[in-house]
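The values are calculated or read from the model by the stated rules, or taken from the named source; none is laboratory data. Keep in mind it's a predicted model, so treat the numbers as computed, not measured. With ideal geometry, Cβ positions are generated from the backbone for all residues, glycine too; neighbour counts draw on all protein chains shown.
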């Protein structure tokens, strides 16, 4: 289980579907303590080898043939989550809640602003028990085709988190060299996040209903992906009975659940929005959607 006095935490993060049919801007991450990182990584890599999964595993590679192997790998991943050794967070936006007042410049940096919000809030890092000497945070994000200038600017943006009141109170430090772009091929935890993130976008955007043009039934790959989604949902519901993937995970009486929960979803909603009911699955225009 994650030690609340860990000297260092690592977040591996990924993104998917900037634009979806009903939900967009999918961000996902897994947090692991440095004391657990090597053991968990070794276990997952050994599981991949046992399953003859020698390349990178990812949502886009799910097929009927590989479904049992992916299910077994994700069972291993969620076993570590269930034991409290990993924390997973998924964030996305709902198309029906349209942000208003955004400038052209806002839209150009939207990815970075949403990523900033994800790191700052999704894991409840402000609730990390402060320890003498502080807690180091390392952020590994999947490599993006950005210019070196943009990547450097983004690093400065994230380092600003350490100056926030919440992070200072929790004594969280973020160094320039601890914000790193990595290749998912080299990090099994990032690969597992890709699978969870992909399956959520798949189901929330009704891709499980997709059929090839002129086809009467869904393709084998689509059915395999739906089966993997259902398997993953089953693991989540072992942690949160009755879990609803399309809403923000509730906050029970425990005030620190954003940090303590092993798995959570968060629908990010801008400060000022207009509601477009025609963009929901029901297509109904409701003034006060739930």
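Please state which one of 144, 137 is in a loop (DSSP other than H, G, I, E, B), closer than 16 Å to residue 119 by Cβ, in contact (Cβ under 8 Å) with a residue 24 or more places away in the chain and touching a strand residue (DSSP E or B) at 6+ places or on another chain (Cβ under 9 Å).
On the way: 137 fails: in a loop (DSSP other than H, G, I, E, B).
144 is the lone residue from the list that is in a loop (DSSP other than H, G, I, E, B), closer than 16 Å to residue 119 by Cβ, in contact (Cβ under 8 Å) with a residue 24 or more places away in the chain and touching a strand residue (DSSP E or B) at 6+ places or on another chain (Cβ under 9 Å).
Would you mind stating whether residue 156 is part of a loop (DSSP other than H, G, I, E, B) and either loosely packed, with under 14 Cβ neighbours inside 10 Å or modelled with pLDDT of 95 or more (or both)? Give the derivation first.
Working: part of a loop (DSSP other than H, G, I, E, B): no; either loosely packed, with under 14 Cβ neighbours inside 10 Å or modelled with pLDDT of 95 or more (or both): yes.
Criteria not met by residue 156.
Which of the residues spanning segment 185-210 are closer than 18 Å to residue 32 by Cβ and assigned to a helix (DSSP H, G or I)?
Let us first name the residues in segment 185-210 that are closer than 18 Å to residue 32 by Cβ, namely 186-197.
Hits for segment 185-210 are 186, 188, 189, 190, 191, 192, 193, 194, 195, 196, 197.
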Keeping to segment 71-109, report how many residues are part of a helix (DSSP H, G or I), out of contact with any helix residue (DSSP H, G or I) (no Cβ under 6 Å at 6 or more places or on another chain), under 23 Å from residue 142 (Cβ atoms) and without any contact (Cβ under 8 Å) to a residue 60 or more places away in the chain.
2
Can you name the residue in segment 110-129 that is surrounded by 15 or more Cβ atoms within 10 Å (Cβ to Cβ) and part of a loop (DSSP other than H, G, I, E, B) and, of all such residues, is modelled with the lowest pLDDT?
128
Considering segment 159-184 alone, what residues qualify as being exposed (fewer than 14 other Cβ atoms within 10 Å of the Cβ) and part of a helix (DSSP H, G or I)?
160, 163, 165, 169, 176, 177
Pull out all pairs, ordered by first then second residue, where Cβ-Cβ is under 8 Å, the residues are six or more apart or on different chains, the first lies in segment 41-60 and is at negative phi and without any contact (Cβ under 8 Å) to a residue 60 or more places away in the chain, and the second is crowded, with 16+ Cβ neighbours inside 10 Å and not in a helix (DSSP H, G or I).
53/66
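Within segment 251-290, how many residues turn out to be part of a loop (DSSP other than H, G, I, E, B) and at pLDDT below 90? Show your work before the answer.
Step one: of segment 251-290, the residues part of a loop (DSSP other than H, G, I, E, B) are 251-256, 261-262, 268-272, 276, 280-290.
Subsequent filtering for residues that are at pLDDT below 90 retains 251-256, 270-272, 276, 280-290.
So the answer is 21.
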Return yes or no: is residue 144 within 22 Å of residue 19 (Cα to Cα), loosely packed, with under 14 Cβ neighbours inside 10 Å and more than 21 Å from the chain's Cα centre (by Cα)?
no
Exactly one of these conditions fails for residue 197: (1) under 20 Å from residue 25 (Cβ atoms); (2) surrounded by fewer than 14 Cβ atoms within 10 Å (Cβ to Cβ). Give me its number.
(2)
For segment 230-242, how many residues are without any contact (Cβ under 8 Å) to a residue 12 or more places away in the chain and on the phi < 0 side of the Ramachandran plot?
4
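Within segment 59-83, how many residues turn out to be within 17 Å of the chain's Cα centre (by Cα) and loosely packed, with under 14 Cβ neighbours inside 10 Å?
Applying the first criterion (within 17 Å of the chain's Cα centre (by Cα)) to segment 59-83 yields 59-60, 74, 77-78, 80-82.
Adding the requirement that they be loosely packed, with under 14 Cβ neighbours inside 10 Å leaves 60.
The qualifying residues number 1.
When you look at residue 124, is it under 15 Å from the mean Cα position of the chain (by Cα) and in contact (Cβ under 8 Å) with a residue 40 or more places away in the chain, yes or no?
Numbers: under 15 Å from the mean Cα position of the chain (by Cα): yes; in contact (Cβ under 8 Å) with a residue 40 or more places away in the chain: yes.
So residue 124 passes the test.
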Among the residues of segment 188-229, what is the count of those that are over 26 Å from residue 93 (Cβ atoms) and touching a residue at least 12 places away in the same chain (Cβ under 8 Å)?
6
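Being within 25 Å of residue 183 (Cβ to Cβ), part of a helix (DSSP H, G or I) and either under 21 Å from the mean Cα position of the chain (by Cα) or modelled with pLDDT of 95 or more (or both): is that true of residue 56 here?
no
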